[in-house]
């Protein structure tokens, strides 16, 4: 059986087997295959291309060591595994560089490897749809929704800010705004 990988994009199984068989080609495919995805993530999160290369290198080493240990079970797509590992590495680096004393040791629990990349992309798309819907919502609805859900203002604060006679009126307005937002969201 040829050691060459058949297509330009190897299957997950081919990559894992290639690494087990010390195939240089499998490693090269791994290095080029998923780097753009990790680069994009790091550029979007306070990093540059050098950071992305370092993180990707570490991610590949994690994968390589796991496969070589002989008890590696791929419970998700390889793409997802690499994305999750690199994301975790980068978040840890960010937390170490940050002056905040916030403990980020629980990122391992939060970002489980099983979380599918498609899920991240879907959430991003939903967020974009929501932003777009908010932009089309118009005033005072846009500000009411942002004040309540993003700025955590109380109904009393909103009532005073917009000059409603009582909080019930403000709640009614917020409800109408939510209905309109929902309609806009599902139109997109």
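The values are calculated or read from the model by the stated rules, or taken from the named source; none is laboratory data. Only a predicted model underlies this, so the values are computations on that prediction, with no experimental measurement involved. Don't worry about glycine lacking a Cβ; one is built from the backbone with ideal geometry, like all the others, and counts go over all protein chains shown.
What to note about this one:
- Of the numbered criteria (1) crowded, with 17+ Cβ neighbours inside 10 Å; (2) farther than 14 Å from residue 13 by Cα, the one residue 29 fails is (2).
- Among the residues of region 1-24, the ones that are under 21 Å from residue 80 (Cα atoms), surrounded by fewer than 16 Cβ atoms within 10 Å (Cβ to Cβ), over 28 Å from the mean Cα position of the chain (by Cα) and at pLDDT 60 or above come to 1 in all.
- Any helices (runs of 4 or more DSSP H) falling wholly within region 82-188 and containing at least 2 residues that are within 30 Å of residue 67 (Cα to Cα) and modelled with pLDDT under 85: 107-110, 117-135
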